[in-house]
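Note sheet for the following structure.
The values are calculated or read from the model by the stated rules, or taken from the named source; none is laboratory data. Just so you know, these numbers come straight off a predicted model, no measurement behind them. Here Cβ is always computed from backbone atoms with ideal geometry, including for glycine, and neighbour counts include all displayed protein chains.
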Amino acid sequence: MAELNLNAGQQPNVKAEMQAQAEEWYDLLPVEKKLIGYSLGLGILLLIIFIVGFKIL
């Protein structure tokens, strides 16, 4: 993470700090998007199964 460097009495350069933080983030890889999709799908499926299963019992 970008560190904020402050010398005595100086104001931080907000624009430079925001640019430094923006460079730290990367787009998700396709495999990461698939894993997120599978996880959400499985979670929703299990939620539906549990709701239906407990209503029957």
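Identify, please: which residue in the range 1-34 is assigned to a helix (DSSP H, G or I) and either of a type in the set (A, V, I, L, M, F, W, C) or in contact with a Gly (Cβ under 9 Å, 6 or more places away or on another chain) (or both) and is, among those, modelled with the lowest pLDDT? Checking each candidate, the answer is 22. Pairing residues of the range 35-57 that are outside any helix (DSSP H, G or I) with residues that are surrounded by 10 or more Cβ atoms within 10 Å (Cβ to Cβ), at Cβ distances under 9 Å and at least 6 apart in sequence or on separate chains, gives no pairs at all.
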